[in-house]
Amino acid sequence: MRIKHWCLALGLYLGAMVPVAADELTGRLFVSNEWDHTVSVIDPETWEVIKVIDEIGGERPRDMGFSRDGTKLYVALGISDLIAIIDPYEMELIETIPGGDDPEAFTVHPETGHIYVSNEATAQLMQVDPEAGELKGGIDVGLEPEGVVSTPDGSIIAVVSESSHMVHLITWPDHDVVANILVGTRPRELTVTADGKYLYVTSEVAGEINIIDIEARDIVKNHRFSQRRARPKDVRLNADESLVFVSLGRDNTVAVLDAETLEEVDLIDVGDRPWGLAMNRDRSLLAVANGESDDVSIIDTETLEVIKDIPVGDSPWGVIFHDYKIEKEMAPR
Amino acid sequence: MNRTRYAAPLLAGLIGMGLVSASVADEIVSIAFIGEDGSDAYKGAEMGLEEINRAGGFLGYEFSLDVVASHDDIADDAIAVVVTSDGDDAGSVADGFPALAVFNTGSDDDALREACRDNLFSIMPSASMRQDALEQWHQQADDHDIAAVAHHHAFRRYSSGDLNGRFVEAYDEPMTERAWTAFVALRMVGDGVTRTASREADTLIQHLKDLESFDASKGQPLSFRENGQLRQPLWIVQDDSVIGEAPVDGVVDPDDLDTLGNISCAD
């Protein structure tokens, strides 16, 4: 027993000491824990938590994202109206910058590296320049904005408003709101295809997922989940965009759908109330934040099996792998 | 009559940009409110009005809230009436204005539901719903001084925290159950008009009857019973904090909202 502990301690020590060149990515999985205000860091080889970052500069960490060069982790801190900038190598807080009023979900723009973050309390999409550490200005959207995504070429930013039940399409760089598309009740998150043509949008209370044609500005496909407890939250596509993965919240599952027909292919049991999802670089693995069982499930996207459950902090909200840089023409992971 | 408009500047801007045609924006959707100006219910309705004008503004709709002393003053162009009284006024208003959608936001009288009026929609939980919620909870634990309510200002799950925060921001006081029921009535009118793209009262009434997944920050898709009562979970409150939810998990199926209250019509 003692030897085992000693080996584990040594392993942790060595793991922490292996130097990582600044231009390399660590592959680590970062997890925001909404209600103990920490970020857990998981080693992708051992799937052990190698650090819990206690000092994150504020409260209620939710969405996370990396700077375009991958050297900085951004974490939205809703209660504190801040965005934390964390060094993913040292796993330490660098600084905090303003995030607007109640920042929740965001995207990092592929052209400018600016953060577009939903400000839930004031119904705005706020543009933040993380280098300057300043707010550039808000764009009025519907009530309780949440999921935000940019098309891979950066020309359109899409944001949902949970309480106005809309997807807003905003042009970049002009910031014109050019479309307001009504979707199912309480839309939460969305993702975009690599060609920038289609959005996949979840609606939590309606229990639906919609495909939106960005150019036509209309819903082209709808699927209502048959599971009574399904509360669709986050959504991701696999590498060849043949499958879409949807966390179903209260149903304690991740649904796998045919990305074209939205027919159900599989239903994977995970922890309790899965919300945040993230793919690794080659999209062979999907991480799932289980908010009520306080753990993260790792799914093999080929076999559709859970290969690991990892205990983390209180109410994990989001997950992200530190293994890719944001490049133009790249779809969100 | 006190007509409150919020979206006018936004809408004017949209018209100016050519995004909304003036003819569409001209027709304001009027909602009558029978109750006290400045009451909790009024504040809830006013916040609901602001929110439906914000959402409606994106799609070219504008709504007004018209406070009237009695049903005699309901404007001809109204499509819905919010009745805040705790008596049976909502029933007589529904009978007197069969073409309008009438919301009961104040009375928990089961008889109002059992009459099964075609155009009456009760947001306030019925007395039998509260009673069933408390009976389910009694099997659990210490039950001194507990109540079952539709809304509580200290609740934060299912985005209720955001909703409560908006109310405190606007009025610097907690959102009461009566404020919440009136708020929901306004949100239902706004949602119905924008989703059906119709300003007609009969379309609104049908939309409300067909509702499958109304979102009222309660974590469940809400709909109306045949008797016009909103199916909804209730919160168990003790010492001014929420200690549980009904239907009570472990006692009944927590997703079966029809375990609360009388669900049918009187024959």
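Some points to look at:
- Condition check for B:Gly96: within 19 Å of the chain's Cα centre (by Cα) and of a type outside the set (D, E, K, R): no
- Candidates A:Leu304, A:Leu277, filtered to the one that is crowded, with 20+ Cβ neighbours inside 10 Å and among the aliphatic types (A, V, I, L, M): A:Leu277
- Condition met for B:Asp86 (part of a loop (DSSP other than H, G, I, E, B), in contact with a Gly (Cβ under 8 Å, 6 or more places away or on another chain) and at pLDDT below 95): yes
- Residue match in the range B:59-74 (condition: open to solvent by 40 Å² or more (accessible area, probe 1.4 Å) and within 14 Å of another protein chain (Cβ to nearest Cβ)): yes
- Given (1) of a type in the set (D, E, K, R); (2) within 26 Å of B:Gly87 (Cα to Cα); (3) within 13 Å of another protein chain (Cβ to nearest Cβ); (4) open to solvent by 50 Å² or more (accessible area, probe 1.4 Å), index of the condition B:Glu173 fails: (3)
- Pair list, Cβ under 7 Å, 6 or more apart: the range B:166-187 residue farther than 21 Å from B:Ala32 by Cα, other residue among the hydroxyl-bearing types (Ser, Thr, Tyr) and buried (at least 23 other Cβ atoms within 10 Å of the Cβ): none
- Selection from the range A:119-128 of residues that are among the polar types (S, T, N, Q) and within 12 Å of chain B (Cβ to nearest Cβ): A:Asn119, A:Thr122, A:Gln124
- Candidates are the residues of the range A:174-185 that are assigned to a loop (DSSP other than H, G, I, E, B) and touching a residue at least 24 places away in the same chain (Cβ under 8 Å); the one that is nearest to the other protein chains (Cβ to nearest Cβ) is A:Gly184.
- On inspection, A:Ser163 qualifies as modelled with pLDDT under 95, closer than 21 Å to B:Phe214 by Cα and facing chain B (nearest Cβ under 10 Å).
- Residue in the range A:243-261 that is assigned to a strand (DSSP E or B), crowded, with 21+ Cβ neighbours inside 10 Å and of a type in the set (D, E, K, R) present: no
- Contact annotation: residue pairs with Cβ atoms under 6 Å, 6 or more positions apart or on different chains, pairing a residue in the range A:116-130 that is in contact (Cβ under 8 Å) with a residue 60 or more places away in the chain with a partner that is of a type in the set (Val, Ile, Thr), are A:Pro130/A:Ile115.
- Number of the condition not met by B:Ser64 [criteria: (1) closer than 15 Å to B:Leu230 by Cα; (2) touching a residue at least 40 places away in the same chain (Cβ under 8 Å); (3) assigned to a strand (DSSP E or B)]: (1)
- Within the set A:Glu189, A:Glu131, the sole residue that is closer than 20 Å to A:Ala76 by Cβ, at pLDDT 95 or above, away from chain B (no Cβ under 11 Å) and in a loop (DSSP other than H, G, I, E, B) turns out to be A:Glu131.
- Of residues in the range A:134-160 being open to solvent by 10 Å² or more (accessible area, probe 1.4 Å) and in contact with a helix residue (DSSP H, G or I) (Cβ under 9 Å, 6 or more places away or on another chain), the one nearest to the other protein chains (Cβ to nearest Cβ): A:Leu143
- B:Glu200 within 12 Å of another protein chain (Cβ to nearest Cβ), surrounded by fewer than 17 Cβ atoms within 10 Å (Cβ to Cβ) and acidic (Asp, Glu): no
- Subset of the range A:220-235 that is open to solvent by less than 40 Å² (accessible area, probe 1.4 Å) and in a strand (DSSP E or B) - its residue that is farthest from the other protein chains (Cβ to nearest Cβ): A:Val235
- Failed criterion for B:Gln232 (all others in (1) touching a strand residue (DSSP E or B) at 6+ places or on another chain (Cβ under 7 Å); (2) open to solvent by 20 Å² or more (accessible area, probe 1.4 Å) hold): (2)
- Residue list for the range A:206-219, restricted to those being within 11 Å of another protein chain (Cβ to nearest Cβ) and outside any strand (DSSP E or B): A:Ala206, A:Gly207
- B:Lys218, sole failed condition from (1) over 22 Å from B:Gly106 (Cβ atoms); (2) open to solvent by less than 40 Å² (accessible area, probe 1.4 Å); (3) within 14 Å of chain A (Cβ to nearest Cβ): (1)
- Positions within the range A:192-205 being outside any strand (DSSP E or B) and either farther than 22 Å from A:Gln127 by Cβ or within 13 Å of chain B (Cβ to nearest Cβ) (or both), in sequence order: A:Thr193, A:Ala194, A:Asp195, A:Lys197, A:Glu204, A:Val205
- Candidates A:Thr96, A:Thr26, A:Thr107: the one that is polar (S, T, N, Q), in a strand (DSSP E or B) and surrounded by fewer than 22 Cβ atoms within 10 Å (Cβ to Cβ) is A:Thr96.
- Any hit, the range A:110-120, residues being surrounded by fewer than 19 Cβ atoms within 10 Å (Cβ to Cβ), under 17 Å from A:Asp81 (Cβ atoms), over 19 Å from the mean Cα position of the chain (by Cα) and among the polar types (S, T, N, Q): no
The values are calculated or read from the model by the stated rules, or taken from the named source; none is laboratory data. Fair warning: this is a prediction, and the values are worked out from it, not measured in the lab. All Cβ positions, even for glycine, are placed from backbone atoms using ideal geometry, and neighbour counts span all protein chains on display. The accessibility values were calculated without ligands, DNA or RNA, using every heavy atom of the protein model including side chains. Shrake-Rupley method; radii C 1.70, N 1.55, O 1.52, S 1.80 Å.
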